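Step one of this worksheet: look at the structure below.
The values are calculated or read from the model by the stated rules, or taken from the named source; none is laboratory data. Keep in mind that this is a model prediction, so the values were computed, not measured. Cβ coordinates were reconstructed from backbone atoms using ideal geometry, including for glycine residues, and neighbour counts include every protein chain displayed. Accessible surface areas use protein heavy atoms only, side chains included; no ligands, DNA or RNA. Shrake-Rupley method; radii C 1.70, N 1.55, O 1.52, S 1.80 Å.
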2 protein chains.
Amino acid sequence: MKEDVLDSRLGEYLLRAEPFHCDWAGRLTMGYLGNHLLNASGNHASERHFNIEHLINYSWVLSRLVVEIDHMPMQHEQFSVQTWVENVQRLFTSRNYTIIDESRQPIGHGRAIWALIDLQTRKPQDLVHFNDGQLLQYLIPEKVSPIDGPGRVKLSADAPVVYTHKVAYSDIDLNGHLNSVRYIEHLLNTFDMDFHKQYILKRFEIAYSAECYAGEMISIYKEQVGTQKYNLEVRRPDGVVAVKAQLTFIENAVANNDNT
Amino acid sequence: MKEDVLDSRLGEYLLRAEPFHCDWAGRLTMGYLGNHLLNASGNHASERHFNIEHLINYSWVLSRLVVEIDHMPMQHEQFSVQTWVENVQRLFTSRNYTIIDESRQPIGHGRAIWALIDLQTRKPQDLVHFNDGQLLQYLIPEKVSPIDGPGRVKLSADAPVVYTHKVAYSDIDLNGHLNSVRYIEHLLNTFDMDFHKQYILKRFEIAYSAECYAGEMISIYKEQVGTQKYNLEVRRPDGVVAVKAQLTFIENAVANNDNT
């Protein structure tokens, strides 16, 4: 992996699993890992002058995020997040992530799809031609992600509501919307502690399609669609789907041991 | 402040207000600031070999935390947290914090009270004599905090329940308890967004007295006790008070300007 670090198109950020970012088992939660991936995206873009502080009339909007994890960092462990742009298309760009442990082994992978919207018109921009093709110079098309990209998540009409939550101060970001990381937490909270002790999250996939606002009561619908595979939808009070997600768990091999 | 940094009894940690740790106005939230203060405590103790990884049969328990803030760090701003031990008594030790901005000006202060419990007996230890007086060598008694210590928070019998929440996966720490930082978020969520736009948190004071567990429905009682001063209690389903808190706000001078 050493040659990767010398590639200026690749960003790498050293992190540590902080105690309050870890769950009952001392594992970094997917919410906080997602937070680190989004920060890595912002830092990578800032360093290359295509983040929102450089593109002041525009905003990057996260459309989809997929994370697959083999070994989640444990409390106090250091790890790194690598990120790079794999592809730029007219309306979307795809960014990949590798999560690397202290011994430089990959322990997880991520893929995200972003759009750039004009803050006045709310219209997505043509990314291929944006700023004379600025984004194209950072592409690493040959560095493909080993994990499957996002699929289509579909729930039956009779999938039940399993969780409701009134969007509150702590949920809200600078744009006045329920923030992307909090959705991950709310989705994980639809599974009770007994479930979390028995199963470990293996793959997390989320598609953002509409915004939720403070004071709104959101409802989460959930349906099991495979062995420990679940499709979920977050809906606003007006029925609009804000987020679709698919969570895949695996059996916790040490479920019968306490605290492991 | 330069001489402080040379004092090995003092810890100082450089931080940055991350986007997903900031609220609607781009201010770091008190929950995440509290998180940073608790991390600073752990790092300071680790570096001086009296953190829990060194005291393996014991655990530090946070009893009280007070934070007063003049200017909360804004999104992307760097800031530092200084921490030191002001006092060691038989059953409690008090630790102070100064939050310092990029120009080395103090922008906030904190005070915390901790106990060290034996994990077998759950009994608090004599901190003056613990490990042949190990803790005493790090004392900076002359460096007193400029803010008032914690007071006694008392609610009327008829204070109403203003918020309920079922303790979930994302709330739970490695000990299986609702974590100290999440209480701060839930307490702030009892105030709606209109309130948060009109007022800014100036002083936050919390006393932890009992643990809450996953699946429990907690109730938060709230009473206004002064001009923008509120007393709150978090109670478990069995009626036991888990946490008492007092939050003091000031008028947001720029409340009528959008997003500031």
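Figures for the structure shown
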item	result
The stretch A:120-221: C-alpha gyration tensor shape, a/c 1.5 cut-off, then a/b vs b/c	oblate
Relative contact order of the stretch A:151-260, pairs being alpha-carbon contacts under 8 Å that are 6 or more residues apart, as %	32 percent
Global form of the stretch A:127-176, assessed from the alpha-carbon gyration tensor, a/c cut-off 1.5	oblate
Nearest beta-carbon to the B/A symmetry axis - residue in chain B, distance in Å	B:H165, 4
Label geometry 7 Å along the beta-carbon vector: B:D148 inter-copy distances in nm	6.0
Candidates per GluC sites (Glu not before Pro) in the stretch B:97-195, loop by DSSP, up to 10 other Cβ within 10 Å	B:E142
Backbone HN-Hα couplings from phi across the stretch A:8-21 [Karplus 6.51/-1.76/1.60, Hz, Gly and Pro as x]	5, 7, 9, x, 9, 10, 8, 9, 9, 6, 6, x, 7, 9
Label point 7 Å beyond Cα along the C-beta direction, distances from A:T164 to other copies (nm, shortest first)	1.1
Inter-copy separations for B:H129, label at 7 Å along Cα-Cβ, nm, ascending	8.2
Whole-number percent relative contact order across chain A, with pairs defined as alpha carbons under 8 Å at least 6 apart	18 percent
Contact order relative to length of the stretch A:1-92, as percent, for alpha carbon pairs under 8 angstrom and 6 or more apart	47 percent
When each of B:K166/B:K229; A:K143/A:K197; A:K202/B:K166; A:K244/B:K244; A:K222/B:K229 is checked by Cα-Cα distance, pairs over 29 Å	A:K143/A:K197; A:K244/B:K244; A:K222/B:K229
Residues listed by number, the stretch A:170-205, amide nitrogen under 18 Å from A:Y213 label point at 7 Å toward C-beta	A:170-180
Simple Cβ-charge dipole of chain B, Lys/Arg +1 and Asp/Glu -1, about Cα centre, in debye nearest 20	540 debye
Inter-part distance where the stretch A:1-73 and the stretch B:109-144 are each reduced to a Cα centre, Å	37 Å
J(HN,Hα) series, the stretch B:121-132, from Karplus relation 6.51 cos²θ - 1.76 cosθ + 1.60, nearest Hz, glycine and proline x	8, 6, 8, x, 8, 6, 6, 5, 9, 4, 6, 6
Residue-normalised accessible area of the protein assembly as shown, expressed per residue, 1.4 Å probe, Å²	45 Å²
Accessible surface ranking that places the most exposed of B:D171, B:D132 first, with a 1.4 angstrom probe	B:D132, B:D171
Rounded to the nearest 10 Å², the accessible area of A:Y169 at probe 1.4 Å	20 Å²
Nearest-10 value in Å² for the accessible area of B:K222, using the 1.4 Å probe	30 Å²
Total formal charge among the other residues, if their Cβ is under 11 angstrom from that of A:H44, Lys/Arg +1 and Asp/Glu -1	+1
Cα gyration tensor, the stretch A:1-121 - rounded (a/c under 1.5), prolate or oblate	prolate
Summed buried accessible surface, chains B and A, 1.4 Å probe, nearest 100 Å²	3100 Å²
Magnitude of the charge dipole, the stretch A:151-260, Cβ model with Lys/Arg +1 and Asp/Glu -1, debye to 20	300 debye
Residue-by-residue Karplus 3J(HN,Hα) for the stretch A:72-86, coefficients 6.51, -1.76, 1.60, Hz, glycine and proline x	6, x, 9, 2, 6, 5, 8, 7, 10, 10, 9, 9, 7, 9, 8
Estimated 222 nm signal from helices in chain B, with DSSP H stretches of n ≥ 4 weighted -39500 (n - 2.57), rounded to 500	-4000 deg cm²/dmol
Threshold 50 Å² - residues in the stretch A:189-214 whose accessible area is reduced by that much or more when the chain is no longer isolated, probe 1.4 Å	A:N189, A:M193
Among A:Q224, A:Q89, A:Q120: highest mean-square fluctuation, GNM of chain A, C-alpha pairs under 10 Å	A:Q120
